[in-house]
1. Hey, can you find the accessible area per residue of the chain for me, probe 1.4 Å, expressed in square angstrom?
2. With log10 I(q)/I(0) by the Debye sum over Cα atoms at q = 0.10, 0.11, 0.13, 0.20 Å⁻¹ as the read-out, I listed [x] -0.30, -0.36, -0.51, -1.22; [y] -0.71, -0.78, -0.91, -1.24; [z] -0.32, -0.38, -0.52, -1.04; which label goes with the value calculated from this structure?
3. Any idea which of 25, 14, 58 is furthest toward the positive side of the dipole for the range 5-58, if Lys and Arg beta-carbons carry +1 and Asp and Glu beta-carbons -1?
4. As a test question: what accessible area, to the nearest 10 Å², does residue 45 have when a 1.4 Å probe is rolled over all protein chains in place?
5. Angle, helix 90-124 long axis vs. longest principal axis of the chain, Cα atoms, 0 to 90°, nearest 10?
6. Only helical DSSP H runs with n ≥ 4 go in: add -39500 (n - 2.57) per run for the chain, normalise by residue count and round the 222 nm mean residue ellipticity to 500 deg cm²/dmol.
7. Using a 1.4 Å probe over the heavy atoms of the protein chains, calculate the carbon and sulfur portion of the accessible area of the chain as a whole percent.
8. What is the angle, in °, between the Cα long axis of helix 25-70 and the longest principal axis of the Cα atoms in the chain? Nearest 10 is fine, range 0 to 90.
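The values are calculated or read from the model by the stated rules, or taken from the named source; none is laboratory data. What you see is a predicted model; the values in this text were computed from it and never measured. Heads up, the Cβs are rebuilt from the backbone with ideal geometry, glycines too, and the neighbour counts pull from every protein chain shown. Heavy atoms of the whole protein, side chains included, go into the accessibility calculation; ligands, DNA and RNA do not. Shrake-Rupley method; radii C 1.70, N 1.55, O 1.52, S 1.80 Å.
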Amino acid sequence: MKKEESKALRKAIGRQPEFRLPSNFTYRMMQQVEQEAFLRKKRNEKRIFILWAATLILMGGSALAYLIFTYMKNLSGIEEALKNIPENSSLLQTFPVLLTVFMLLAVLNYRLNTLRYRKFMEKEK
């Protein structure tokens, strides 16, 4: 009985079509692995940037709070000093320009990283 069962199993296995992987399976798999590694690296960079920004904000806030609590009495006359700033002060004109430059640099950085990623993916094809 066991012999017949094993013969039947061998015949059934022999009748099954052979499964073959595509010829470019290794290449495609490596491409997916590299793409996933690249995306993981970008996610880690994003997390690090967010943590860095949060740390800077907390440190700046802490320093500002320390300065305010330490020099509260000396800051009581700051309102009058701020009222006396002329409207065409160079400091007030410089801030929007610096903010605009920072935003343009951020957009340029994003575009260059996108182009670099596209070039990387095209090179892999």
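1. With all protein chains present, the chain gives 99 Å² per residue.
2. Working out log10 I(q)/I(0) by the Debye sum over Cα atoms at q = 0.10, 0.11, 0.13, 0.20 Å⁻¹ from the coordinates points to [y].
3. 14
4. Approximately 80 Å² of residue 45 is accessible to the 1.4 Å probe.
5. 10 degrees
6. -28500 deg cm²/dmol
7. 65 percent
8. Its long axis makes an angle of about 20 degrees.
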